[in-house]
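Before any comments, here is the structure.
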Ligand code: HEC
């Protein structure tokens, strides 16, 4: 059963197992990709040892850092979006989102040294569809929302443990979101809908209601960068 912490015990077991399999794979592998990965692995492990850090401390720090980056990113997206709506109306703001959402995300990614994006099963921009690492987490968030379980941010090790994937659910929180993501007859005005259709012919991000899961923040945090912060 999926709990709000996304299978805490089973998840830990799987993590340990993945770790073991990964270490065994390293012992027997000799490809260049594995060698690079082993170098990173050893470097992080050595600096962890020098600083006497535990895995739990690293996960905790990644959680704190992920929370603060995603909050800052959310604020930046929202203030730019509100400004665009005030200046050009909702239809005008669609062009703003179309041209600026990705550049804002990549600017923030550069600033923090962490890959930052938003992802959704029902994406407006196909580039925001979930990866294989992200899909099961989105599934769990969706399950929680449907069963009135509070969603907590989550950290998961990916890419052999070199990357900590921080995620945080994004919920349709106000009427403001519905103007562009709500019901096509009730919430989204006709001129706006035309604009969305022309810019996003494969749009899936419509028909949402207040309280629905819209997607999630997804941050790829290098473990090395977290260790350096401690
Ligand atoms: C002015 C219209 C508009 C409003 C208002 C708006 N959005 Fe969006 N939203 C968009 C557009 C356009 C995109 C696609 C951006 C891109 O090309 O990456 C988008 C993308 C997203 C994405 C990324 C996933 C995807 O579908 O591509 C999320 C998550 C999201 N919006 C959540 C929200 C939430 C939550 C609110 C309310 C707080 C909101 N949006 C308000 C227009 C809007």
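Values quoted throughout were computed directly from the atomic coordinates according to the rules given, and no laboratory measurement underlies them. Please read these numbers as outputs of a predicted model, since none were measured by experiment. Neighbour counts run over all protein chains shown; Cβ positions are idealised from the backbone, glycine included.
May I ask you to sort 78, 216, 63 by Cβ crowding, counting other Cβ atoms within 10 Å and putting the fewest first?
Final ranking by Cβ density, sparse to dense: 78, 63, 216.
Rounded to whole Å, give me the distance from the Cα center of segment 123-193 to that of segment 45-117.
Spelled out, the Cα-based centre of one part sits 15 Å from the other.
What ranking do 163, 149 get, fewest neighbouring Cβ atoms within 10 angstrom at the top?
Ordered from fewest to most neighbouring Cβ atoms within 10 Å, 163, 149 come out as 149, 163.
Provide the gained length on full extension for the span residue 74 to residue 127, in nm with one decimal, where the gain is 0.36 nm per separating residue minus the Cα-Cα distance.
Result: 17.2 nm gained on full extension.
Please compute the length gained on full extension between residue 95 and residue 135, using 0.36 nm multiplied by the number of residues separating them and subtracting their Cα-Cα distance.
11.6 nm
Compute the distance in nm between two label points, each set 7 Å from the Cα along the Cα-to-Cβ direction, one at residue 209 and one at residue 194.
Spacing of the two 7 Å Cα→Cβ label points: 3.0 nm.
Extending each Cα 7 Å along its Cβ direction at residue 46 and residue 149, get the distance between those two points in nm, one decimal.
Label-label distance for residue 46 and residue 149, simple model: 4.2 nm.
Stretched out fully, how many nm does the piece from residue 174 to residue 228 gain, at 0.36 nm a residue minus the Cα gap?
Using 0.36 nm per residue and subtracting the Cα-Cα distance, I get 15.6 nm.
Considering Cα pairs under 8 angstrom that are at least six residues apart, work out the relative contact order of segment 8-229 and quote it in whole percent.
26
Order of 167, 119, 71, 59 from fewest to most other C-beta atoms within 10 Å?
Least crowded to most crowded, the residues run 71, 59, 119, 167.
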